[in-house]
Amino acid sequence: MTINVRRSITRSIAAVTTLGTALVGCGAGAAGKDPVARPAKPPSATATAQRPAGPEHPALMPVFLRGPEPAGATGREARTGTRTGTGTEEIRAGARSGAETGTRAGAGGKTVALTFDADMTPDQGPGAARGERFDNPALISSLRRLEVPATVFMTGRWAEEYPYQAREIGSDPLFEVANHSYSHHSFTPDCHGLPVLARKELAADVRRAFGAFRKAGVRQVVPYFRFPGGCYDTSTLRALAPAGLTAVQWDVVSGDAFATDAEAVAERVLAEVRPGSVVVMHCTTGAAPVTDEAVRAIVPALRARGYRFVKVSELMKG
């Protein structure tokens, strides 16, 4: 079985490729700082797969792997083989022209997708009980007030801790909820210091997240996935292939994780956004305290430039 891969880079889509059923994605979460982003150049249609992306140069290209919708769903950093989403295992198809697919949204004009990782690990429960905040209701309120559609990549543990908020987010047509694992533990070794899941636990962790969404009453669940810390390797892809998810990468790293300067976060996003961009941010007050303020600056500035905000599902339809 094969699936089509779409990559949106910072200025245009460079290639459409085909490979075996697999998952590729990323999203460094609150438990591990986002690496510093560098401007990405359009990838070669034949050489992308092997380009490394260490902490000083993460992959910025969103990778969309289309697969069948998983049962129960409604709706990368190179280190000796471990990646955070630099590309695919093998490029086989030719490149599309930027003129054909550059805006990604076709007749919809200039679009951008804001995505928010709602991170929480099982061992952070005591911290939440002591008042540590892994949610960000002010951010969600701002998105509603500004009427900004968004995709929330939610961990199952977050949905368990904040079931009311998870249900409210997942019931609001402005938003959609995607799978960011249950535990936010790494799916590969050596991933930003995250605890590591055993290979045999990977698929179960993903299923457990969907179960937590169902239990919380999250209705608008889309079949997308983002790897904790953004780390994956070939064996991880094989282990998760049966889940049939679409894994989503980013091309704009907001740098909001652990940031204290909202203006700097906003400036970084505004400097890097291009038509069709996917921006990664966080929905955790304790680990990303200035995200709400940054979003309130980013949204009007991008609208003034003629951008329209969309959910990942709309961007995928491009």
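Mind giving me the FRET efficiency for R145 and K215? R0 is 41 Å, r the Cβ-Cβ distance, nearest 0.05 is fine. Intermediate values should be presented prior to the final figure.
Numbers: r = 29 Å, r/R0 = 0.71.
FRET efficiency, R145 to K215: 0.90.
Could you please state how large a percent of the accessible area of the range 145-208 is carbon and sulfur, counting protein chains only and using a 1.4 Å probe?
Working: 1290 of 2480 Å².
Carbon plus sulfur share of accessible area: 52 percent.
Taking Cα pairs under 8 Å and at least six residues apart, what relative contact order does the range 113-220 come out at, in percent?
Details: 174 pairs, mean separation 32.7, N = 108.
The value is 30 percent.
What accessible area per residue, rounded to a whole number of Å², is obtained for the range 240-309 using a probe radius of 1.4 Å?
Working: 2200 Å² over 70 residues.
I get 31 Å² per residue for the range 240-309.
The range 267-311 to the range 213-265: how many Å between their Cα centroids?
Cα centroid of the range 267-311 versus Cα centroid of the range 213-265: 17 Å apart.
Please work out how much length the chain gains when fully extended from E263 to R305, using 0.36 nm per residue of separation minus the C-alpha to C-alpha distance, in nm with one decimal. Spell out each step's value before the answer.
Numbers: separation 42, 0.36 × 42 = 15.12 nm, distance 1.79 nm.
Taking 0.36 nm per residue and subtracting the Cα distance, the gain is 13.3 nm.
The values are calculated or read from the model by the stated rules, or taken from the named source; none is laboratory data. Just so it is clear, the model here is predicted, and its values are computed rather than measured. Neighbour counts are summed over all protein chains in view; Cβ atoms, including those assigned to glycine, are modelled from backbone coordinates with ideal geometry. Side chains are part of the model used for accessible areas, which takes the heavy atoms of the whole protein and leaves out ligands, DNA and RNA. Shrake-Rupley method; radii C 1.70, N 1.55, O 1.52, S 1.80 Å.
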